[in-house]
1. Calculate what fraction, in whole %, of the accessible area of chain B sits on carbon and sulfur atoms when a 1.4 Å probe is rolled over the protein chains.
2. Name the residue from B:LEU159, B:SER137, B:TYR73 whose Cα lies farthest towards the positive end of the charge dipole of region B:53-171, charges +1 on Cβ of Lys and Arg and -1 on Cβ of Asp and Glu.
3. What is the average number of partner chain Cβ atoms found within 10 Å of a Cβ in B:77-87?
4. Could you order A:SER188, A:SER138 by accessible surface area, starting with the largest, using a probe radius of 1.4 Å?
5. For region B:66-129, taking Cα atoms only, what is the radius of gyration to one decimal and the Dmax to the nearest whole Å?
6. Using only the Cα atoms of region A:106-165, each taken as one equal point scatterer with no solvent, compute I(q) by the Debye sum, divide by I(0), and report log10 of the ratio at q = 0.14, 0.18, 0.21 Å⁻¹.
7. Across peptide B:67-75, what mean number of C-beta atoms from other chains lies inside 10 Å of a residue's C-beta?
8. Taking each pair of different alpha-carbon atoms in the protein assembly as shown once, compute 1/r for the pair, average those values, and report the inverse of that mean as the Kirkwood hydrodynamic radius in Å to one decimal.
Amino acid sequence: MQKKYDPRIKLFIVLVMSSLVIIFLDIRLQILVFFTQLFFAIFFKARIREMFFKLRKFMIIFLFLIIVQSVFDRQGNAIISIFNFTLITDQGIIRGVSYLIRLFVVLVSGAIIVTSSQKETIQGLVKLKVPYDLALMSSVGIRFLPLLIEQMQDTLIAIQLRGIEINSLRLADKVKVYSYIFAPVIISTLEKAKSLSLSIEMRAFRIYKDRTSLIELSFSREDYVLLFVNIALLVIFIYFGNII
Amino acid sequence: MNDIDFIKIKNLTYSTKDKELFSKINWDLYLGKCTMLIGENGSGKTTLSKIIIGIIKDYSGEVFLNGKLVNNYTLAEIGKEVGYCFQNPDKQIFNPTVKDEMTFVNRFIDYGLTDYKELLKQFNIEHLSNSKTLTLSQGEKRRLALATTFLLNPKFLVLDEPTSGLDFKNRSQLYRIINSLRDKGIGFLIITHDMDLVNNCGDIVYEIKDRGIKIAKKI
Ligand SMILES: Nc1ncnc2c1ncn2[C@@H]1O[C@H](COP(=O)(O)OP(=O)(O)OP(=O)(O)O)[C@@H](O)[C@H]1O
Ligand SMILES: [Mg+2]
C-alpha cells in the first residue's frame with residue numbers, strides 16, 4: 001500500500017513554495033523553487049503530467065500572457081524594435097517567463113493538494129486552526145479546478161464543431177475565440193457554487209459551533225522528516241535569496 | 001431508395017479506464033435514413049457518438065466519414081458535414097444571448113448558413129431571440145442547442161437524447177422536422193430512451209448490448 005502523508009505537510013510545502021516563488025524576484029531562484037516543488041509533486045505522486053496534458057490547448061493563452069507582460073515592460077535591452085520604438089526587451093521576456101513560472105507553481109500546488117482527499121485536507125486546515133468554513137471553501141475551490149478544465153475543453157470542442165478552424169484564425173480572432181471559452185466557465189462555476197451553497201445550507205451546515213470529525217490526523221516519522229527537509233529548504237532558499 | 005453509407009465503422013474496440021465498452025463493432029450509417037440507437041445507461045451510447053464525431057480518437061479499429069478516416073479530419077471539417085447535439089445542452093451553449101448563439105459563426109467565417117431566424121421559428125424560440133441563454137428553461141435550452149446543430153446545413157445529424165426535457169407539443173414539432181429533413185436525404189443517428197420518438201421517426205433501431213451492437217427492430 002502506498003504511504004499516506006499528512007495533508008498538513010502538503011499544505012505546508014505548498015504554502016512555503018508558493019510564498020517563495022512570489023517573494024523571490026530573481027528568475028533563477030524562481031526556477032529553482034519550481035523544480036523543488038515539481039520534485040515534491042512527483043514524490044507525492046501528483047498527476048502533473050495529466051494536468052499539463054489537459055492544459056496543452058491553453059498554452060497559447062499562457063504565451064499571450066508572456067507577450068503582454070513583455071510588451072509592457074520597458075526596461076532592459078531591446079530585442080525586437082520597430083523603427084525607434086522598442087517592442088520587446090530582454091527584461092520584458094524575463095518578466096513574462098517569471099509570471100508563467102509563478103502560475104505553474106500555483107497549478108502544481110493544486111495538483112499536490114488533491115493527492116489527499118477533500119475531507120483530509122479540510123481536517124488538516126482545521127487542525128491548523130483555520131476556521132471550518134474557510135477550510136471548506138478553499139478545499140472546494142481546489143476541487144473545482146479539474147471541473148473548470150473540463151468545461152473549457154467542452155466549449156472548445158463545441159466551437160470547433162461549429163466549423164471554426166481555430167488554428168487558422170488570425171491572432172486577433174483567436175484571442176476572441178478564447179475569450180468565449182472563459183465566459184461559460186466562469187458562469188457555470190458560479191452556478192455550481194450557488195447550488196453547492198444551497199445544498200450545504202439544506203444540510204444545516206453550521207448549526208453547531210464545533211464539529212467532530214471521523215478523521216484523526218497524526219504525524220508519522222516520515223511526515224516529520226518531510227517537515228524538517230522543508231524547513232531546511234526554506235532557510236537555504238532565503239539565505240540564497242539574500243546573497244544573490 | 002438508394003442507400004449511401006455515409007459513416008462506416010470497422011472493427012471498433014474501445015475501453016475507458018476501467019472497462020471495455022465496445023468489442024469489434026462493425027456498423028454502417030446511411031444518408032436519408034433515421035437510425036436509432038438505444039441501450040442501458042452507461043452502455044456507451046454517448047461515447048460511441050463521440051467516436052463517430054471525432055471527439056474521442058484513442059480507439060482501435062477504423063471509422064470512416066464519407067469514405068475518409070474520421071481521424072484525418074479536423075473537428076471543424078467534421079462540423080461542416082455532421083451536426084452534433086450534445087446530451088447536455090449546457091456544453092453547447094456558450095454565448096450570452098440566443099441571437100448571439102445563432103450568429104456566433106458569422107463572426108469568424110463566411111459560410112452558407114441557414115437563416116437563423118427561420119430556425120428559431122421552427123424550434124419555437126423566436127420570441128426568445130434576445131433572452132439570456134443562462135436563464136432559459138431546460139426545454140428552451142434543448143431547442144436552442146438543437147437549432148444550432150442545424151446551422152451549417154449538415155448532411156448528417158447525430159442527436160444525443162434530443163427529446164429529453166421537451167413537452168408534447170415541441171416533441172411532435174421535432175418529429176416533423178426530423179422526418180421532413182430525412183425525406184430530403186439527410187441522415188440521422190439518434191440516441192434515445194424515448195420509444196415515442198423511435199416509433200415516429202425510426203427507420204431502423206440498434207441496441208448496444210454486451211459490448212456489441214445489434215439490430216433491435218427493423219421498421
Ligand atoms: N471520460 C471518461 N472517463 C472514464 N469513464 C468514462 C468517461 N466517459 C464515460 N465513461 C464511462 O463509460 C460508460 C459509458 O458512458 P456513456 O456516457 O457513453 O453512456 P450512455 O450509454 O450514453 O449512458 P446514458 O444513457 O446515461 O446517457 C459509463 O460507464 C461511464 O462511466
Ligand atoms: Mg449518454
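The values are calculated or read from the model by the stated rules, or taken from the named source; none is laboratory data. All figures in this text were calculated on a predicted structure; none of them were measured in a lab. Quick reminder, even Gly has a Cβ in these numbers, built from the backbone with ideal geometry, and neighbours come from all protein chains shown. To get the accessible areas, we keep the full protein, side chains included, count just its heavy atoms, and leave off ligands, DNA and RNA. Shrake-Rupley method; radii C 1.70, N 1.55, O 1.52, S 1.80 Å.
1. 46
2. Of the candidates, B:SER137 comes out farthest on the positive side.
3. Across B:77-87, the average partner-chain Cβ count within 10 Å equals 3.
4. Ranked list, largest accessible area first: A:SER138, A:SER188.
5. 13.8, 41
6. Reported log10 I(q)/I(0), two decimals: -0.50, -0.67, -0.79.
7. Whole-number average of other-chain Cβ neighbours for B:67-75 is 2.
8. Hydrodynamic radius (Kirkwood, Cα only) of the protein assembly as shown equals 25.7 Å.
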